[in-house]
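Have a look at the structure below before the remarks.
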């Protein structure tokens, strides 16, 4: 077996149940964040601008917290820089960009179905690149989860897909797989919060080059945006919605997901995170009024069965 760089050190005591709880909570927050992000996108921010402000807000929040609570964690060595840059740009920046591009053109459930091909990519890389042993039950869990996701978006009855949206979602799946694998190896030499802080910092620097801040439509923060769907008559200020995207929609779930990697391998964390489309479908039904039919309910059950199966493959 070839050992990958930056192996993940286990916590002093591994708690798989804690790892799954962290990953599932992260998936729930991301599911809610998808609908809020769509409201902001319809309100006027472009996918690039939303990805930029999300990265910048997360970076500032984490940097301020570390500066007060653990300033030593903000030190970085030259040998760490390449991995941190790759994690920030190739992982964090791109996974946000492609997700926002996809949900602008596709229904959230469809975009997530395609993006969540990522766990399969993680398992393939773990098995055939890093030479790790992947138990048969993990492959069965992946098959169940993907089948459940297909039911959720009712693929069998035909879905009209936007080509650019599909391409963005596929690129997002590759970026998400890269993010999980890079994070799993990077946490071996750095704590979760500082890893995310530097990752979002380099992602923000990347976005500042792509979308200069002097072109950013800051006036949208003061605008009141309709919440759409069943809440169409309700309006909230843009800054409050963006704040939700940054804190409970970004900082908290990313911290939880990377923290879960200290208790579980990347393959199982990625599978547990596949609960996101299930929750996103429920949120879309409750908020946007999208129908939740028998196929979607059955699909949610199949995804959860896949997650439970993965948990038994210890």
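The values are calculated or read from the model by the stated rules, or taken from the named source; none is laboratory data. All values reported here derive from a predicted model rather than from experimental measurement. Neighbour counts are summed over all protein chains in view; Cβ atoms, including those assigned to glycine, are modelled from backbone coordinates with ideal geometry.
Table for the structure above
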read-out: Helices (runs of 4 or more DSSP H) completely within segment 79-168 that count 2 or more residues being at pLDDT 80 or above; value: 81-86, 94-105, 136-152
read-out: Hey, residue 72 free of Cβ contacts under 8 Å to residues at least 40 places away in the same chain and part of a helix (DSSP H, G or I) or not; value: yes
read-out: Wholly within segment 214-314, helices (runs of 4 or more DSSP H) carrying at least 2 residues that are surrounded by fewer than 18 Cβ atoms within 10 Å (Cβ to Cβ) and at pLDDT below 90; value: 294-312
read-out: Residue 58 vs. criteria assigned to a helix (DSSP H, G or I), within 22 Å of the chain's Cα centre (by Cα), farther than 29 Å from residue 275 by Cα and modelled with pLDDT of 85 or more; value: no
